[in-house]
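Comments concern the structure below.
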Amino acid sequence: MRRIVVVGASAAGLAAAETLRREGYDGTLTLVGDEPLAPYDRPPLSKQLLSGEWRPEKLDLRTADDLAALDLDLRLGVAAIGLRLAERTVRLADGSTVPYDGLIIATGVRPRRLPSEGAHVLRTLDDALTLRDRLGPGRRLVIVGAGFLGAEAAAVGRQLGCEVTLLEPAPVPLAHAVGTDVGEMLTRAHLERGVNLRCGVTVAAVTEDGVRLADGELVEADEVLVAIGSMPNTEWLDGSGLSVGDGVVCDQYCEAARNVYAAGDVARWYNPLFGTSMRIEHRTNAAEQGMAAARNLLNSEARKPFSPVPYFWSDQYDMKIQAFGYLRGHDEVAVVEGDLAERRFVVAYRTGDRVSGALAVGMPPKAIRQWRQAIATGASWAEAVRPAVPAES
Amino acid sequence: MKVELEADKCVASGQCVLVAMDVFDQDDDGIAILLKQEIGDDLLDDVKEAVAVCPAAAIRLVEQ
C-alpha cells in the first residue's frame with residue numbers, strides 16, 4: 001500500500017495518521033481537513049475555551065514538530081466533495097483529485113440547526129470564540145437543548161455571570177441517555193446555580209429578540225445557542241456506493257468497503273461487545289477508533305474487531321461526570337456505590353441480563369475501574385449488582 | 001525517552017493507566033500521575049499507546 005488518504009483532520013483522523021506511521025507505513029499519507037487549522041481538541045470548546053480559561057493555542061493536539069515528523073501531505077482548509085470507489089479517488093473542493101490505495105473516512109459531524117439565522121452552534125473553534133466574545137455579566141443566554149453540550153455551556157454561562165435559560169423538550173433532561181434519577185440530579189445542580197430550566201417546551205424559531213416557543217411565547221435573549229445534536233458529515237459520499245445511514249456503515253473491523261475504513265463520530269460500526277451497531281460521538285472513541293481503523297487497514301490479514309467500552313466525561317460546575325459502556329436503551333439503573341443526593345456515586349445500567357454501563361460522579365478512579373471491567377467482560381447483572389437496590393425500574 | 005504530562009489538561013479518563021500502568025496512575029480526583037519520567041525501550045510502546053489514546057493530548061514523549 002503506497003497511498004493512504006485520511007479524510008478528516010480532527011481527533012480520529014489524526015489518530016489514524018499517527019498510527020499508520022507508528023505501524024511502519026512509509027508511503028504517501030494525505031490528511032484532508034475542511035477547517036484551515038491544524039488538528040485541535042474539541043471537548044474544551046464548551047468548557048475551558050468558552051470560559052476564557054484557556055487560550056486557543058492550548059487546544060492544539062500536536063506541536064508543529066510532532067506534525068512535521070508525520071511527513072504528511074497535509075491539505076487543510078479544503079473539504080472532500082466526492083469519492084469514486086472504482087477509481088479509488090477522492091475529489092476535493094479545490095478541484096484536485098487524490099488517488100488512494102487505502103482510505104480512512106473521519107469527517108465527523110456537524111451541529112443540527114433550527115431553520116433560523118443568528119443562533120450560535122458550538123462545534124468549531126470559530127463557533128466557540130464567537131460565542132465567548134458575546135457572553136458576560138448580565139447577558140441573557142438562551143440555550144436550546146439540555147443535552148451534555150447545552151448543559152456544559154449553561155454551567156459556563158452562569159460562571160461568567162450570564163442569565164441562562166435552558167429550553168428542553170423532554171420532561172427531564174438527559175433521562176433518555178442516563179436515566180431519570182441521574183437526569184434529575186443533574187437538573188438540580190443547574191437549578192441551584194440559578195439556571196432557568198424549562199422542560200417540556202417546543203421551540204418554533206429563533207428570532208431577533210430570542211426564541212419563539214410553539215405556543216407563541218417569546219423567550220427573550222441576547223444570544224441563543226442551539227445544542228440539539230449532530231448530523232454525520234456523509235453528503236460527500238452520496239453516489240459513491242458506500243452504505244450510509246446515520247453514519248458510514250461499517251463492519252466490526254470498521255471497514256465500509258474494500259480498503260475503505262471509517263472512524264470517529266461519522267462511523268457506524270458493529271460493536272461485538274454489545275452485539276449492536278453504534279455511532280459514538282465521544283472524544284475517546286475518536287482516538288481509539290482512528291487507531292483501530294489504521295491498524296486494520298495496514299494489517300488486513302490479521303484484523304481485529306473494534307469492541308471498545310465507550311467512555312465519556314462531562315464537566316458541569318464542580319462535578320465531573322464519567323460514563324462507561326453503552327447506556328442507550330437500558331432497562332434498569334441501580335445505585336451501586338455512594339448516594340445521588342451527595343453527588344458522590346456510581347450507578348450501573350442493565351440491558352437485558354448484563355451490565356451494559358456505569359456512570360460516576362465524584363468517585364475515585366479505583367471505584368470506577370471495576371465497573372469498566374464488568375462491562376468489558378460482559379458481566380451478568382445478577383453477579384455484579386445483586387447486593388444493590390434498584391433505583392428505577 | 002522522557003515522558004511529559006500536562007496535568008492541567010488531564011480529564012481523568014484513566015486511558016493512560018489502562019495501557020501503561022507501570023508508568024501512569026491516577027490521584028483520587030482521577031488526574032494522571034507519572035510513576036516514571038524516564039522510560040526504557042521495554043515501556044516505549046505502552047507509552048506511545050498512552051500518548052495516542054489520551055483524550056486530552058496531555059502526554060508527550062520527548063527525546064533526551
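The values are calculated or read from the model by the stated rules, or taken from the named source; none is laboratory data. Every value quoted in this text rests on a predicted model; they were computed, and no experiment measured them. Please note: Cβ atoms are built from the backbone with ideal geometry, for glycine as well, and neighbour counts cover all protein chains shown. Just the protein is used for accessible areas: all its heavy atoms, side chains included, with ligands, DNA and RNA removed. Shrake-Rupley method; radii C 1.70, N 1.55, O 1.52, S 1.80 Å.
Cβ-Cβ contacts under 6 Å between residues 6 or more apart (or on different chains), taken from a first residue in the range A:6-20 that is more than 9 Å from every other protein chain (Cβ to nearest Cβ) and part of a strand (DSSP E or B) to a second residue that is β-branched (Val, Ile, Thr) and crowded, with 24+ Cβ neighbours inside 10 Å, are listed as A:VAL6/A:ILE104; A:VAL7/A:VAL32; A:VAL7/A:ILE105; A:VAL7/A:THR107. Residues in the range A:156-184 that are assigned to a helix (DSSP H, G or I), surrounded by fewer than 24 Cβ atoms within 10 Å (Cβ to Cβ) and in contact with a Lys or Arg (Cβ under 9 Å, 6 or more places away or on another chain): A:ARG158, A:GLN159, A:HIS176, A:ALA177. Restricting the range B:46-64 to residues that are part of a helix (DSSP H, G or I) and more than 9 Å from every other protein chain (Cβ to nearest Cβ) leaves a set whose member that is nearest to A:ARG42 (Cα to Cα) is B:ALA50. Looking only at the range A:218-232, decide whether some residue is out of contact with any Lys or Arg (no Cβ under 7 Å at 6 or more places or on another chain) and among the polar types (S, T, N, Q). No, the range A:218-232 has no match at all. For the range A:299-327, a residue qualifies if it is in contact with a helix residue (DSSP H, G or I) (Cβ under 8 Å, 6 or more places away or on another chain) and open to solvent by 50 Å² or more (accessible area, probe 1.4 Å), and the qualifying residues are A:ARG303, A:LYS304. Of the residues making up the range A:240-266, those that are touching a residue at least 40 places away in the same chain (Cβ under 8 Å), under 21 Å from A:ARG42 (Cβ atoms) and among the small types (Gly, Ala, Ser) are A:ALA262, A:ALA263, A:GLY264. The number of residues in the range B:12-23 that are more than 10 Å from chain A (Cβ to nearest Cβ) and touching a helix residue (DSSP H, G or I) at 6+ places or on another chain (Cβ under 8 Å) comes to 5.
Name the residue that is farthest from A:GLN159 (Cα to Cα), counting only residues in the range A:187-219 that are of a type in the set (D, E, K, R) and in a strand (DSSP E or B). If we take residues in the range A:187-219 being of a type in the set (D, E, K, R) and in a strand (DSSP E or B), then A:ARG212 is farthest from A:GLN159 (Cα to Cα). Residue count for the range A:119-145 under the criterion of being within 15 Å of A:VAL211 (Cα to Cα) and in contact with a Ser or Thr (Cβ under 8 Å, 6 or more places away or on another chain): the result is 5. Somewhere in the range A:46-54, is a residue open to solvent by 40 Å² or more (accessible area, probe 1.4 Å) and either hydrophobic (A, V, I, L, M, F, W, C) or assigned to a loop (DSSP other than H, G, I, E, B) (or both)? Yes, there is a match, as at least one residue in the range A:46-54 is open to solvent by 40 Å² or more (accessible area, probe 1.4 Å) and either hydrophobic (A, V, I, L, M, F, W, C) or assigned to a loop (DSSP other than H, G, I, E, B) (or both).
Only one of the numbered conditions (1) in a strand (DSSP E or B); (2) within 13 Å of chain B (Cβ to nearest Cβ); (3) among the aliphatic types (A, V, I, L, M); (4) touching a residue at least 60 places away in the same chain (Cβ under 8 Å) is not met by A:VAL309, and that is (1). The residues on offer are A:GLU208, A:GLU192, A:GLU217, A:GLU223, and the sole one that is of a type outside the set (Val, Ile, Thr), surrounded by 19 or more Cβ atoms within 10 Å (Cβ to Cβ) and closer than 20 Å to A:ILE143 by Cβ is A:GLU223.
Here A:ALA334, A:ALA294 are screened, and the one residue that is within 14 Å of another protein chain (Cβ to nearest Cβ) and open to solvent by less than 60 Å² (accessible area, probe 1.4 Å) is A:ALA294. A:PHE274 falls short on exactly one of the conditions (1) touching a His at 6+ places or on another chain (Cβ under 7 Å); (2) in a loop (DSSP other than H, G, I, E, B), and that condition is (1).
So is A:CYS254 touching a helix residue (DSSP H, G or I) at 6+ places or on another chain (Cβ under 6 Å), under 30 Å from A:LEU92 (Cβ atoms) and not basic (Lys, Arg) or not? Judged against the criteria, A:CYS254 is a match.
Matching residues to (1) within 10 Å of the chain's Cα centre (by Cα); (2) over 17 Å from A:GLY290 (Cβ atoms); (3) open to solvent by less than 40 Å² (accessible area, probe 1.4 Å):
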| site | (1), (2), (3) |
| --- | --- |
| B:SER13 | no, no, yes |
| B:VAL17 | yes, yes, yes |
| B:MET21 | yes, yes, no |
| B:ASP27 | no, yes, no |
| B:GLY30 | no, yes, yes |
| B:ILE33 | yes, yes, no |
| B:ILE39 | no, yes, yes |
| B:ASP45 | no, yes, no |
| B:ALA58 | yes, yes, yes |
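Suppose the filter is within 20 Å of the chain's Cα centre (by Cα), within 13 Å of another protein chain (Cβ to nearest Cβ) and in contact (Cβ under 8 Å) with a residue 24 or more places away in the chain; does A:SER356 pass it? It is false that A:SER356 is within 20 Å of the chain's Cα centre (by Cα), within 13 Å of another protein chain (Cβ to nearest Cβ) and in contact (Cβ under 8 Å) with a residue 24 or more places away in the chain. For the range B:24-45, a residue qualifies if it is in a helix (DSSP H, G or I), charged (D, E, K, R) and more than 10 Å from chain A (Cβ to nearest Cβ), and the qualifying residues are B:ASP41, B:ASP42.
Scanning the range A:1-46 for residues that are under 23 Å from B:CYS54 (Cβ atoms) and of a type in the set (D, E, K, R) returns A:GLU18, A:ARG21, A:ARG22, A:GLU23, A:GLU35, A:ASP41, A:ARG42.
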